[in-house]
Structures are given as C-alpha cells and as structure tokens.
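The values are calculated or read from the model by the stated rules, or taken from the named source; none is laboratory data. If you're wondering where the values come from, they're calculated on a predicted model, not measured in any experiment. FYI the Cβ positions are ideal-geometry reconstructions off the backbone, even for glycines, and counts take in every protein chain you see. Remember, those area values only see protein heavy atoms, side chains included, never the ligands or the DNA or RNA. Shrake-Rupley method; radii C 1.70, N 1.55, O 1.52, S 1.80 Å.
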Amino acid sequence: MAIVVLQDIHKSFGPEVVLDRLDLQLHAGEKVGMVGANGSGKTTILNLITGQITPDIGRVIRQKGLRIGYLPQEATFSGERTVLEEMHAGVEHLLRLQQAIHDASHEMESLAGAELQAKMRQYDRLCHEFEIAGGYEYETRIQMTLAAIGLEPELHHAKTSDLSGGQLSRMGLAQVLMLETDLLLLDEPTNHLDLQATEWLERFLGNYRGGAVLISHDRYLLDRVACKIIEVENRQAHVWSGNYSNYIQTRDTVRLQQQREYTHRAEMIERTRDFIARNKDQEGMRGTARGRKIRLKRLLKENPDFLDKPVEQRTIRFSFAETDGGSDLVIRCEAMGKSFGDLTLFENLTFDVLRGERLGITGPNGTGKTT
Ligand SMILES: Nc1ncnc2c1ncn2[C@@H]1O[C@H](COP(=O)(O)OP(=O)(O)O)[C@@H](O)[C@H]1O
Ligand SMILES: [Mg+2]
C-alpha cells in the first residue's frame, strides 16, 4: 500500500528547474535507497515528502496519520539542551516523571515518620507511572542507541552546542531512530558513522517495521538494506527493483539496449537517405526513391523522438598526466609509529602503495585513520 505519493511534481528554485513531472510512490515497510549526483534533487524530494517545502505544480499525498522520522543532511539544534534532553524530545513527560522521581527520592532523605511514609507512597506511585509509560525501556533504549552510534556516556550531559559536527549528526540519527515512526527519511546518515555504527544501523533497519528512504553513497549498505533503488536523474525519479548491485547491472543493460536501438535507428535512416540520394534521378528507380522519401518523412513526423539519443549518464572522468617511466612505488612506509602523549595510535606500520593500487583504511572512530 502506498503511504506517500508524489504526483506530477514540478519544483524550481529561481530559474533552476530541479524536478519536473516527477512521479514517485513509497510503500509501507519498504526500504529503498536513493541515489543520484550531487545537486540532482534528492534532499529536495525528502523535503517535499515531509512537507517542509511545497511543489510548484503537482501533489504530495501522505497516508493519514503517517508518522515520519526525518534526519536532515545537516542537523541543526538550538544548542541549549543536553544530549539526553534532546534524546527525550517527543517524550518530555518521561523526562518530567524521571525528574519527579529524582526529587522525591531526594526529599525522602530529610523526612521522617508520617511525612516520610507519604513521600514514599508518592515515590512508588511515580515509579509505577514511569514503568507503565514504558519509561525504563525507553531509558535503556536511549543508552543502547547512544552507545551503538558512538556517543560515549561522558557526552550525555554535554550541551549540544559543545558537540562536534560529526557528534551532532550522530545524535540526530539516534534521536530520529528513537521515535515511533512509520517512515524514516535518512539523508546521508552514514557520513559520520564508523564501520561498527554503520553495521548497527544496517541491523536496525533490518528489524525496523516501517518504510525507509536512505540517501547514501555507501553501496555496501544499500546492497544489504534496500529492496529498491530510486535514481534521481534528469529532474525525475526512476525506481529500480532490487538492491544496489542489481540496479547497476539492470541499468547498464537497459542503457546498452537503448544505445543499440538508437544505433539501429540511426543506421536505418542513414541507409534510407543514402538510397534516396543515389536513386532519385535514376531511370526506373525514381518512383521507389520517392516512395521511400515519403515514408521516411511520415515516420519522422509520427515519431518526433525517433532520433533522440538515449539519456546518457553524466560521468566524471579523471585524467592524470602520464609520468615518465619511473618506479611503480608511490609510497613506502617502514616501521611507522605515531603517539599523542600516552595514546599510541599505531606502531611498526609497514606498507607500500604501488602505482594504480587502491587501498582502503577501515577502523572505528578515533583509531588513527586520518592521522
Ligand atoms: N532552498 C533552496 N534554494 C535555492 N536552491 C536550492 C534550494 N534547495 C535546493 N536548491 C538547489 O536545488 C538543487 C538540488 O538540491 P538538493 O535537493 O539538495 O540535491 P541533492 O540532495 O541531490 O544533492 C541544487 O542545485 C540546489 O542548489
Ligand atoms: Mg542532499
């Protein structure tokens, strides 16, 4: 069942047309990846779905009562609240109850007799209320989510204005994942996640019952999470079934097929024109040539896009100047080590990088990859 329908959308910013005649449907429980070049309109589509912006033409239809969790590409917070307070956004009543429990237990210390008895009853009542409201589970979930996303307990009471961009972005993700939602819209959530946190997100989405749109450049994550890929290109959205690898394969096959068909059509026209040119003044062939000319003209009139080239993927090409011979060794590290004060990042690191070789560096945050 469709939970969100974008119908015939047109969206411009000033003179720039970003989306044109875009149609897209999202279905309950479906996890889809969204890919496309920078500036192709991916974030704009999410903003249309949330209703933060409205289309110039067309309609956005959301299922009634649909609860959307949105992680913007750049998370912004007021900065006044602490990490824990932010994590309680939407469940402030739990935070208030927790505070009341804390206050009651504090007050009990200085009471005695009947007053203490009364306070204890109040304390029990508050704890019971907290439990009924799912408070304990919620607190556990907050702690687990923050840990999984890599925000250490030392940071939980820090004001969000003291967090780094990466930490803020991770907190934003944790916050969105805590909410009760039917649809998650995650705009490049993995940019600030290390491998472990990314794997945790993958498991989270695997268990999540709602639908999700995941904008990501992480093809491995898309391969494991997405059952469909939305490709944003040429101001429209094309939906491909399957994961990222399927999408690449199918897309390439379809493009190749379109290219072939185009070549066939172009060759046919070329041959026909050539035939007409060679025969239009030939005794005995004039009639045939004229017939072909008329048919060709009609064909092109009835199919105005007959000779349109298939849409070509915008590709980025790099070119590196050839070096003159030389060795294939680009970098050699021998027994390299680096410490900051007491913290030893690595020791005895030895490796070569050869010309044309591509190396990946992986490891949790803070282990020394950038160093
Ligand atoms: N609020 C805005 N005002 C003006 N231009 C915008 C605005 N939002 C997006 N754009 C432009 O629309 C295009 C698509 O942007 P965006 O949806 O952010 O792309 P993506 O997320 O795919 O990188 C870009 O050229 C961007 O500059
Ligand atoms: Mg974007």
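Give Ala104, Ala112, Ala118 a once-over and let me know the one that is crowded, with 17+ Cβ neighbours inside 10 Å and not assigned by TED's automatic domain parsing to the domain that holds Gly211.
Ala104
Given Thr198, Thr140, which one is assigned by TED's automatic domain parsing to the domain that holds Gly36 and either more than 16 Å from ligand 1 (Cβ to nearest atom) or open to solvent by 40 Å² or more (accessible area, probe 1.4 Å) (or both)?
On inspection, the qualifying residue turns out to be Thr198.
Are there any pairs with C-beta distances below 7 angstrom linking a residue in the stretch 30-49 that is assigned by TED's automatic domain parsing to the domain that holds Ala226 to a residue that is assigned to a loop (DSSP other than H, G, I, E, B) and within 10 Å of ligand 2 (Cβ to nearest atom), with the two at least 6 apart or on different chains, and if so which?
Listed by first residue and then by second, the contacts come to Lys42/Gly36; Thr43/Gln73.
To keep it simple, each residue is scored yes or no on (1) free of Cβ contacts under 8 Å to residues at least 40 places away in the same chain; (2) farther than 19 Å from Gly134 by Cα; (3) of a type in the set (Ser, Thr, Tyr); (4) in a loop (DSSP other than H, G, I, E, B).
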| residue | (1), (2), (3), (4) |
| --- | --- |
| Glu86 | no, no, no, no |
| Gly90 | no, no, no, yes |
| Gln99 | yes, no, no, no |
| His102 | yes, no, no, no |
| His106 | yes, yes, no, no |
| Leu111 | yes, yes, no, yes |
| Ala114 | yes, yes, no, no |
| Gln117 | yes, yes, no, no |
| Tyr123 | yes, no, yes, no |
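Determine which member of the set Thr190, Thr160 is buried (at least 16 other Cβ atoms within 10 Å of the Cβ), β-branched (Val, Ile, Thr), modelled with pLDDT under 95 and within 16 Å of ligand 2 (Cβ to nearest atom).
Only one candidate qualifies: Thr190.
Starting from residues that are within 12 Å of ligand 1 (Cβ to nearest atom) and at negative phi, keep the ones in the stretch 23-37 and report whichever is surrounded by the fewest Cβ atoms within 10 Å (Cβ to Cβ).
Once the filter is applied, the top-ranked residue is Ala37.
Given the criterion charged (D, E, K, R) and farther than 23 Å from Ile101 by Cβ, identify the matching residue among Arg203, Arg125, Arg121.
Arg203
Among the residues of the stretch 64-83, is any within 16 Å of ligand 1 (Cβ to nearest atom), of a type in the set (S, T, N, Q) and under 17 Å from His10 (Cα atoms)?
No - not one qualifying residue is present in the stretch 64-83.
Filter the strands (runs of 3 or more DSSP E) completely within the stretch 1-74 down to those with at least 3 residues that are aliphatic (A, V, I, L, M) and more than 18 Å from Leu205 (Cβ to Cβ).
2-13, 16-27, 57-62
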